[in-house]
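Computed from the coordinates by the stated procedures, all read-outs in this text should not be read as laboratory data. Owing to the predicted nature of the structure, the values given are computational and were not obtained by experimental measurement. Neighbour counts run over all protein chains shown; Cβ positions are idealised from the backbone, glycine included.
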Amino acid sequence: MNPTPSPSNPTFGLCAERPSARLGRSRLEPQLGRTALAALLACGLLACGPQGGDVTGSGGSGMAPDAGAPFSGLGDFPEAGQLSPPPPEPEPTEANNCGVKTVMPTKRGSSVVMVADASKNGAQSLRYAFTTLRDLVDQQDLSGWSLTTTPSATTSNCGIQHAVEFGSNAVRWKEMMDDESRWTGQGSASLRAAIDSATSRLMAQPGMGRDKFIILMTSGGGLGHCSPEDYHPQESITAALMQGIRTYILGTSRVIKEQEKLNEMALAGGVARDGEIKFYESFDEEDVRNILVSLSQQIASCRLDLGEAPPVADNVLVKVGQTKLEFGSENGWVYDGNHVVLLQGSACTRLTEGEAQVSVLFGCPGIPVL
């Protein structure tokens, strides 16, 4: 008699055992146990599988596999979906580069005292300089410049005179330069006294945000004739630098000892040149002209205030028009303080000639600005 199938009966859901099947049970028990386990697993999958799903992966019929098709159990369920990789980051541009900031810099105001050695050692170079200055006063606004010469034309030795005052127009500059009797002297130059005087006058100039410079033109010879202290003009140049006044040295000597003194003065001034010769070397009218034109352009037009320091100092792009400038290049740009840039060479020339405007882009940490 077959047992009645019930949930408590281990054969529930399977075919009942026939009496004839009991024969040889002891020999077949291991095989029957494995067969029963497989049958239970198959029935469980069919009875408890997903409802309304496609277990075949063949179109969502919701039915068991066809009789003739192999059934591989769990392997026939669809795999879970995979997340798509994120799209690649766009190339950085001025619009999306983490908030790149474009700055339109402004020209820095400047006050300049030109200190000129008008002694017999330096008078010829001063004549060259005045030839250039006559043109510059018509081309540039030099109202922020003044001129001090030494020695004084009215004394035989060591004096200084303020030949052109701040605020003078082109007529006044030409009037003084055209009459050598107003500025040539016969004695020795007192450079230290002239530098001290220039420093005092610059510090008295009004106007916040104006930069202050001395342009010293000398042969470097004849020093110390006025007083022992006057042999060390670099000490006065250093004192000026401590007050924020930088000094450019235009040297006109080929004498080694005098060149060494000019190098010391240039290093003290805070704007020494790279290379073995630290000062601006000039031997003829063309040299003097090129140097003065370049310096006047840099000081008057090519020192640009950014208004703020960039967030990453080495991630800044400077452009003249659409031309990108190279940092540190003689025709590119350099820093002149934490929020001032200085255009050099041809870049400065393009700006002063009105060829193009300058724009500056601040980059972000870790993302190079274009």
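For region 303-370, the percent of C-alpha pairs falling in each 5 Å distance bin, counted from 0 to the bin holding the largest distance, reads 4, 18, 31, 26, 16, 5, 1, 0. Report note on the peptides 239-247, 117-125: ranked by the mean count of other C-beta atoms within 10 Å, highest first, their order is 117-125, 239-247.
Sites listed here are GluC sites (Glu not before Pro) in region 209-286 whose DSSP assignment is loop and whose Cβ has at most 11 other Cβ atoms within 10 Å: Glu276. Measuring max minus min along each principal axis, the C-alpha atoms of region 109-301 give extents of 37, 35, 32 Å (largest first). Applying the criteria of a DSSP loop state and at most 13 other Cβ atoms within 10 Å to the chymotrypsin sites (Phe, Trp or Tyr not before Pro) of region 220-309 yields Phe283.
Annotation: the residues Leu304, Leu267, sorted from fewest to most other C-beta atoms within 10 Å of their own C-beta, follow the order Leu267, Leu304. Taken over region 225-370, lysine pairs spaced eight or more positions apart, or on distinct chains, with alpha carbons under 30 Å apart number 4.
Report the charge-dipole magnitude of region 303-370 in Debye, nearest 20, computed about the Cα centre from +1 at each Lys and Arg Cβ and -1 at each Asp and Glu Cβ.
140
In region 142-245, the C-alpha radius of gyration followed by the widest Cα-Cα span (Dmax) gives 14.1, 39 angstrom.
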